[in-house]
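One structure is given below, encoded as structure tokens.
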Amino acid sequence: MHTRTHANLRNFARGHKSSAEYLDVAANAHGAEKGLLVKQALKRLRRARHHVVEVGPGGGSAVTYLAAQLTDDPALSRDTHLTLIEAPGVVSQSLTNAVEKFNHVGTCEVRNGFAQDVASLLSDPVDVISASALLHEVYSYGGGYAGLHSMMRTLPSVLNPGGFFAYRDVYAVHGSSLHQRVIHSYNSRAWLTFLRMFTPHYLGAGTHPYHHADDELVARQDSRIVSVSDLDPATCAVIAAPIGLFREIQRHYITLRDHVWRSGVLGFTPVLDGMDGDLATDWIDFRAGHKRIHYRLGEETEWLSGPQRIMLAAMSEPYAGHHTIDGDIFDSVTDVALLAFLDAAEAGDTTCSQVWESWLLREGLESYAYLTLDQLLTAFTVHSAEADTDTVLMPVRTGDIHRVDRHYYNRFLTQRLANPLLDAKQLVLFQNIPRSDVDALRQSFDTVSDRCAKASLARVYTAINKGDNWTP
């Protein structure tokens with residue numbers, strides 16, 4: 001999932017991205033979700049032998065899932081070779097374990113390299129390429145939109161005709177453009193402090209698309225325009241900015257909160273997704289995003305005061321050597337500690353500053369929501385059609401496009417923000433369709449026509465035709 005350019009070598013936080021905490025914990029969740037599209041692709045290929053490539057396997061959760069599916073599902077061929085492409089020097093024990101499991105049902109190898117070098121890393125075209133969170137890292141570290149479009153033009157050449165590219169990343173927003181200007185309000189001290197600390201860094205140092213004249217962030221407090229770096233956390237702020245920028249701020253806040261929680265600096269360590277099996281998904285009401293939080297108390301710190309610590313424990317129940325508590329109550333109690341952490345980090349406290357800087361280095365330059373679904377589908381069609389393969393990458397069936405809502409985060413955001421934006425994962429299964437396969441192209445056009453604007457459909461139509469007489 002890692003890219004290489006001169007900017008990448010300077011900015012990509014390889015050490016933090018490859019730490020055991022990140023790969024074995026934070027990046028080793030949702031294996032079934034990551035492997036879902038690969039399973040669908042293998043069933044549709046129905047070949048005696050398959051070659052599957054995963055770019056950026058992280059902690060190997062998708063590898064473990066696919067190994068289990070090959071064992072249990074008779075519709076899948078067990079003669080599958082899996083190639084994992086990971087950046088040089090990035091290793092994890094959980095991935096090593098996953099490779100061992102896969103080798104019991106197929107064959108698996110790890111190749112070191114970068115995402116944009118995938119063509120040189122593969123000697124022959126393959127059947128399926130899978131990637132999770134690849135494109136936002138290509139965008140952030142591999143040349144912005146030019147890097148994205150280059151990747152889209154490369155993929156058809158490394159896929160067999162009829163092969164698949166399984167894509168999973170953060171859902172952007174519902175709308176035609178991330179540059180749509182909206183007004184959001186903030187009255188939480190923690191969010192206002194985060195806005196003041198993070199936003200100037202992201203806009204100044206990150207790779208992002210918000211450079212247009214109409215993309216300026218304008219913040220007002222007490223009806224006066226103020227710099228975002230001078231926001232008063234005690235005063236409600238009304239901010240006008242592109243909706244995509246609000247999506248970035250919201251998503252980064254969540255990753256910071258989870259990072260601080262995992263660090264243990266607040267005096268407690270909750271079990272988050274991917275860390276401890278069922279403890280991370282102890283739902284009270286799944287669709288409402290309401291769950292029990294399992295956590296362990298650590299040493300007393302000034303960020304969680306004695307009274308707060310006593311109150312947290314009093315509202316919890318003992319469970320197998322740790323504590324469990326209603327998630328809503330946990331969020332309310334620990335918000336105070338998170339605000340104290342942010343204030344201390346901003347003031348230069350050594351411990352809190354180190355935790356803040358480690359998160360900022362790993363996450364602070366990345367742009368997650370770079371394309372809406374309309375823009376994503378259109379870009380893949382248009383740029384893949386420019387490859388010298390006489391194929392085009394498009395989803396064929398309606399079921400090739402999924403959105404998996406993050407109910408827990410959406411519940412948290414709804415309770416904290418006046419204008420929460422949907423948090424979800426977006427999954428798209430693109431097929432490398434030969435332009436001679438008129439039936440598949442017609443079905444693909446019908447599939448994207450419900451999700452793309454007319455102007456986008458015109459670009460898709462033109463890219464597919466290339467001046468020929470095929471009609472949908």
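Here is how the numbers come out for the structure above:
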| read-out | value |
| --- | --- |
| Residue in the stretch 214-236 that is more than 30 Å from Val336 (Cβ to Cβ), in a helix (DSSP H, G or I), in the same structural domain as Trp191 (by TED's automatic domain parsing) and not hydroxyl-bearing (Ser, Thr, Tyr) present | yes |
| Conditions (1) modelled with pLDDT of 85 or more; (2) closer than 22 Å to Val428 by Cα; (3) touching an Asp or Glu at 6+ places or on another chain (Cβ under 7 Å); number of the one not met by Leu135 | (1) |
| Counted residues, the stretch 189-221 - those being farther than 22 Å from Glu363 by Cα and buried (at least 19 other Cβ atoms within 10 Å of the Cβ) | 1 |
| The stretch 229-253, residues that are free of Cβ contacts under 8 Å to residues at least 60 places away in the same chain, β-branched (Val, Ile, Thr) and either crowded, with 20+ Cβ neighbours inside 10 Å or within 18 Å of Leu421 (Cβ to Cβ) (or both) | Val238, Ile239, Ile249 |
| Some residue of the stretch 322-343 being among the small types (Gly, Ala, Ser) and not assigned by TED's automatic domain parsing to the domain that holds Leu256 | no |
| Filter result for the condition that a residue is crowded, with 18+ Cβ neighbours inside 10 Å, among the aliphatic types (A, V, I, L, M) and at pLDDT 95 or above, over Leu421, Leu373 | Leu421 |
| Count of the stretch 296-307 residues which are of a type outside the set (A, V, I, L, M, F, W, C) and either part of a loop (DSSP other than H, G, I, E, B) or surrounded by 17 or more Cβ atoms within 10 Å (Cβ to Cβ) (or both) | 6 |
| Any hit, the stretch 316-336, residues being surrounded by 19 or more Cβ atoms within 10 Å (Cβ to Cβ), touching a strand residue (DSSP E or B) at 6+ places or on another chain (Cβ under 8 Å), of a type in the set (A, V, I, L, M, F, W, C) and part of a helix (DSSP H, G or I) | yes |
| Candidate set from the stretch 89-124 (those that are exposed (fewer than 13 other Cβ atoms within 10 Å of the Cβ) and part of a loop (DSSP other than H, G, I, E, B)); member that is modelled with the lowest pLDDT | Gly89 |
| Residue check for Asp232: more than 26 Å from Leu371 (Cβ to Cβ), at pLDDT 95 or above and in contact with a strand residue (DSSP E or B) (Cβ under 7 Å, 6 or more places away or on another chain) | yes |
| Residue check, Leu376 in the same structural domain as Arg403 (by TED's automatic domain parsing), of a type outside the set (S, T, N, Q) and at negative phi | yes |
| Residues of the stretch 433-456 satisfying the condition of being touching a helix residue (DSSP H, G or I) at 6+ places or on another chain (Cβ under 8 Å) and either part of a helix (DSSP H, G or I) or among the small types (Gly, Ala, Ser) (or both) | Leu441, Phe445, Thr447, Val448, Ser449, Ala453, Ser456 |
| Candidates Pro125, Pro161 - the one that is in contact with a strand residue (DSSP E or B) (Cβ under 8 Å, 6 or more places away or on another chain), without any contact (Cβ under 8 Å) to a residue 40 or more places away in the chain and either within 19 Å of Ala41 (Cα to Cα) or outside the structural domain of Asp405 (by TED's automatic domain parsing) (or both) | Pro125 |
| Of the criteria (1) β-branched (Val, Ile, Thr); (2) part of a helix (DSSP H, G or I); (3) under 22 Å from Leu122 (Cα atoms), which one Thr83 fails | (2) |
| Any hit, the stretch 391-410, residues being surrounded by fewer than 17 Cβ atoms within 10 Å (Cβ to Cβ), within 30 Å of Ala288 (Cα to Cα) and free of Cβ contacts under 8 Å to residues at least 12 places away in the same chain | no |
| Only listed residue being touching a helix residue (DSSP H, G or I) at 6+ places or on another chain (Cβ under 9 Å), in a helix (DSSP H, G or I) and either at pLDDT 95 or above or polar (S, T, N, Q) (or both), chosen from Leu245, Leu312 | Leu245 |
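To keep it simple, each residue is scored yes or no on (1) hydrophobic (A, V, I, L, M, F, W, C); (2) not in a helix (DSSP H, G or I).
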residue: Phe380; (1), (2): yes, no
residue: Ala387; (1), (2): yes, yes
residue: Val392; (1), (2): yes, yes
residue: Gly399; (1), (2): no, no
residue: His402; (1), (2): no, yes
residue: Phe412; (1), (2): yes, no
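The values are calculated or read from the model by the stated rules, or taken from the named source; none is laboratory data. Please read these numbers as outputs of a predicted model, since none were measured by experiment. Virtual Cβ from ideal backbone geometry, glycine too; neighbours counted across all protein chains shown.
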